[in-house]
1. Take SER80 and tell me if it is touching a residue at least 40 places away in the same chain (Cβ under 8 Å) and of a type in the set (Gly, Ala, Ser).
2. Take the residues of the range 92-104 that are surrounded by fewer than 17 Cβ atoms within 10 Å (Cβ to Cβ) and not acidic (Asp, Glu): which is farthest from ASP62 (Cα to Cα)?
3. For the range 108-130: of the residues being open to solvent by 30 Å² or more (accessible area, probe 1.4 Å) and outside any strand (DSSP E or B), which is nearest to ASP29 (Cα to Cα)?
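The values are calculated or read from the model by the stated rules, or taken from the named source; none is laboratory data. None of the values given here were measured: they were computed from a predicted structure. All Cβ positions, even for glycine, are placed from backbone atoms using ideal geometry, and neighbour counts span all protein chains on display. The protein model used for the area step is the full one, side chains on, heavy atoms only, and it has no ligands, DNA or RNA in it. Shrake-Rupley method; radii C 1.70, N 1.55, O 1.52, S 1.80 Å.
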Amino acid sequence: LAAAIALTAAPTPIVATSPGPGRLGFEADTVTVSESSGAVPLRVVRRGGATGTISFGWRTVDDSAVTDRDYAARGTVRESLGPGETSKTLLIPIVSDAVAESTELFDVVIDDPTAGATLGTITQVTVIIVDDD
C-alpha cells in the first residue's frame, strides 16, 4: 500500500485567470476504476473564478469498499489551489490483490473551502472498483 502511494505521481494542474475565488466541485459524480489500476484520479474543478489561493478539505467514506483493504485513505486532507489554478487531481491508491471480489464502492467528499470560495454542485463522488482478478 505504501509503495502504491509513493509511486503515484501528481498531475500538473490547469492554470487560468478569472475574477473571484470560484466554486469547487468534482468533475463527475461517479468514477469507475479497475482494481489493478493502482490509483483512482479524481478531478476537483474550480469554476466561475480563479482569483487568489484557496484551500479545501477532502476525505473518503467507506461503503462496500473498506479503507486499507480496498483503497488507501489518509483521514481528512487539505489541498490548495493557487491564483489562476482551476483544477486539482486527487489520487487515491487502490489495493490490488489476488482475491476475486464483487464490485465495490466508496465515496470521496470535498468540503470546507476557504478564502470566499464556495462548493459547487458535485461535492461527493462515488468510486466504483471493478475486480479484474
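1. On the way: touching a residue at least 40 places away in the same chain (Cβ under 8 Å): no; of a type in the set (Gly, Ala, Ser): yes.
No, not satisfied.
2. Checking each candidate, the answer is ALA98.
3. This residue is ILE122.
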